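Working notes for the structure below.
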């Protein structure tokens, strides 16, 4: 009788462990519109779409979300501008006053993406709209010190299809890393690869 109870308990644990392993990998698909405050005090509305591959350790102690798709499209008077389409997490959108170029600064939460994309300073990538193309360029001086104005807290379902400035502030009022809140110099989250 005791052996039978013990066998049932082991079988239950094995099934629960297998279930947890299956849940360890999932995808997240989010589509929303978002208000964005620009340097000149104006507010524009953009459309966003993100698909992520999310994983966590079986014990639940580690979590990772990697963008597999990430797009940002302009609306209204700016609708003719080309869509930004790069599988990263955009943090900042601004228009540089000197060049009048639109700029997006993006990041990733995973070291694998950072390694694959050349290990840039501070885990950031900058893209500038030149003509009809978004061009990746080295991170410029005008980007350092900028506060995030794009939604980066989207791993959980969003509370609405349109994210206002107020809703964004509430969603991003938690304990996120400072590197997501401000574009910083010298941030190193991953150890550089050696021997490559």
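Side notes on the structure shown:
- Residue under evaluation residue 191, criteria (1) in contact with a strand residue (DSSP E or B) (Cβ under 8 Å, 6 or more places away or on another chain); (2) over 15 Å from residue 92 (Cβ atoms), criterion not met: (1)
- Entirely in segment 51-150, the strands (runs of 3 or more DSSP E) that have 1 or more residues that are modelled with pLDDT under 95 and surrounded by fewer than 20 Cβ atoms within 10 Å (Cβ to Cβ): 63-74
- Among the residues making up segment 165-176, a single one is within 21 Å of residue 123 (Cα to Cα) and surrounded by 14 or more Cβ atoms within 10 Å (Cβ to Cβ): 172.
The values are calculated or read from the model by the stated rules, or taken from the named source; none is laboratory data. Remember, it's a predicted structure, so these values are computed and weren't measured experimentally. Note: ideal-geometry Cβ built from the backbone for every residue, glycine included; neighbour counts use all protein chains shown.
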